[in-house]
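First up is the structure itself, then whatever we jot down about it.
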Amino acid sequence: MRIVVTGAAGFIGRMVVEALDKAETVMLDGAERRVSAILAVDIAAEPLARLAEGRARVHPLPGGLLDAPVLTRIASDAPDLIIHLAAVVSGQAEADWDLGMAVNLQGTLALVEACRRMARPPVFVFSSSVAVFSCADNDTITEDTLPAPRSSYGTQKLMGELLVRDATRRGIIRGRALRFPTISIRPGAPNRAASSFASGILREPLAGLPAALPVGRDLRLHLASPDKALDYTLRACALDQAALGADTTLTLPGITVTVGQMIDTLAEVAGADVAARITPEPDPAIEAIVASWPGEILCPRARALGFEPNTGIAALIQEHRRRMESAA
């Protein structure tokens, strides 16, 4: 089985590539398949090269999805599975319309067009986001709530979902679009996502650094850990296409927790002195975005298909601490 992973140098992309490379076989569309090669695609050439070092089955392909040679290589490889993670994050997509549209929408369209050249439709896993939703007052919604994004990022992801659905209907791909919760705790440095604080207020204090809190303590978040994001991705690959029917989009479950509960749990797990490194610094631009986020999303369909959330915010913190220890 040949696999393509876009956004492979990103932190979830790296986890996916590493997990696939370690596995002799993976479940794909309801059947066990042997992994023969992984084509890792990303615009970040140096991190991509490091990812491929020592991994004979991982082949780096630097470049973007609007680059003709990249698309030609993907089409000629005729992969059985494409995991499409490449994206511009929410804050950056809001600040730069052209970049967000080029990467988040046009890049996805170009990748689907490449699939049209293949003799057999690949399984196509598309990384979407709960940013497609909005609601008043941080309310609870369900997976059946009509998407109504209030950001360019959410709008671009919703258009990608519809593209995956239609391309699946036409037999171009065997698609499944995953609406991921906010992922916390993300490793590395802060990025330009509006949700970056959901990792920063835990990650930075645990590393001995100060952290700014741009929102109020009462804001609720729908969260999943990096390990859970990996589990969700591989579980989506394994699904039999018939289990999805015509609805190729899945809203994934997460834990519901307030920012205040996150900070209080950090104090319980790591100490009050660690939590004291968090300083309130209200940011009206971020608050305007997150005010429309649902505080809880009920996902019975995804749960029935085997997607289960983390057990709680303490588990997310402990997972990150284990990752920090293993990296030390």
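The values are calculated or read from the model by the stated rules, or taken from the named source; none is laboratory data. Not measured: the values here are computed from a predicted model. We place every Cβ from the backbone using ideal geometry, glycine too, and count neighbours over all the protein chains shown.
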Would you be able to tell me the number of residues in the range 131-188 that are out of contact with any Phe, Trp or Tyr (no Cβ under 7 Å at 6 or more places or on another chain) and among the β-branched types (Val, Ile, Thr)? 9
Please work out if ARG303 is assigned by TED's automatic domain parsing to the domain that holds GLY160, surrounded by 14 or more Cβ atoms within 10 Å (Cβ to Cβ) and either of a type outside the set (Gly, Ala, Ser) or part of a helix (DSSP H, G or I) (or both). no
Of everything in the range 155-180 that's among the charged types (D, E, K, R) and over 16 Å from the mean Cα position of the chain (by Cα), which residue is surrounded by the most Cβ atoms within 10 Å (Cβ to Cβ)? ARG174
Out of LEU234, LEU244, LEU206, LEU239, sole residue that is under 30 Å from ASP283 (Cα atoms) and of a type in the set (A, V, I, L, M, F, W, C): LEU206
Within the range 282-300, the residues that are at pLDDT 95 or above and surrounded by 14 or more Cβ atoms within 10 Å (Cβ to Cβ) are GLU296, ILE297, LEU298, CYS299
With criteria (1) closer than 24 Å to ILE183 by Cα; (2) surrounded by fewer than 19 Cβ atoms within 10 Å (Cβ to Cβ); (3) among the acidic types (Asp, Glu), ASP67 comes up short on (1)
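Against the definition (of a type outside the set (Asp, Glu), in the same structural domain as ASP80 (by TED's automatic domain parsing) and free of Cβ contacts under 8 Å to residues at least 24 places away in the same chain), how does GLY271 come out, yes or no? So that I can check it myself, show each step before the final result.
Values: of a type outside the set (Asp, Glu): yes; in the same structural domain as ASP80 (by TED's automatic domain parsing): no; free of Cβ contacts under 8 Å to residues at least 24 places away in the same chain: yes.
Taking the combined requirement at face value, the residue does not satisfy it.
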Test for SER127: is it touching a residue at least 40 places away in the same chain (Cβ under 8 Å), among the small types (Gly, Ala, Ser) and under 27 Å from GLY30 (Cα atoms): yes
Quick one: how many residues across the range 168-195 are among the polar types (S, T, N, Q) and over 19 Å from ASN310 (Cα atoms)? 2
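When the range 155-206 is examined, which residues are found to be among the acidic types (Asp, Glu) and either in contact with a helix residue (DSSP H, G or I) (Cβ under 8 Å, 6 or more places away or on another chain) or without any contact (Cβ under 8 Å) to a residue 12 or more places away in the chain (or both)?
Passing the criteria: GLU161, ASP166.
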From ARG165, ARG176, residue being in a helix (DSSP H, G or I) and either in the same structural domain as GLY91 (by TED's automatic domain parsing) or modelled with pLDDT under 95 (or both): ARG165
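Results for (1) without any contact (Cβ under 8 Å) to a residue 12 or more places away in the chain; (2) buried (at least 19 other Cβ atoms within 10 Å of the Cβ); (3) touching a strand residue (DSSP E or B) at 6+ places or on another chain (Cβ under 8 Å), shown as yes or no for each residue.
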residue	(1), (2), (3)
LEU51	no, yes, yes
PRO79	no, yes, yes
MET101	no, no, no
CYS135	no, no, yes
If only one of LEU221, LEU209, LEU234 is touching a residue at least 12 places away in the same chain (Cβ under 8 Å) and either among the β-branched types (Val, Ile, Thr) or part of a helix (DSSP H, G or I) (or both), which one is it? LEU234
Out of the range 30-79, which residues are in a loop (DSSP other than H, G, I, E, B) and touching a Lys or Arg at 6+ places or on another chain (Cβ under 8 Å)? VAL35, SER36, ALA78, PRO79
For the range 306-328, enumerate the residues that are part of a helix (DSSP H, G or I) and crowded, with 18+ Cβ neighbours inside 10 Å. ILE313, LEU316, ILE317, HIS320
Considering only the range 1-42, how many residues are under 17 Å from ARG73 (Cα atoms) and touching a helix residue (DSSP H, G or I) at 6+ places or on another chain (Cβ under 9 Å)? 13
Is it the case, given these coordinates, that THR279 is among the β-branched types (Val, Ile, Thr), closer than 20 Å to LEU219 by Cβ, more than 20 Å from the chain's Cα centre (by Cα) and surrounded by fewer than 17 Cβ atoms within 10 Å (Cβ to Cβ)? yes
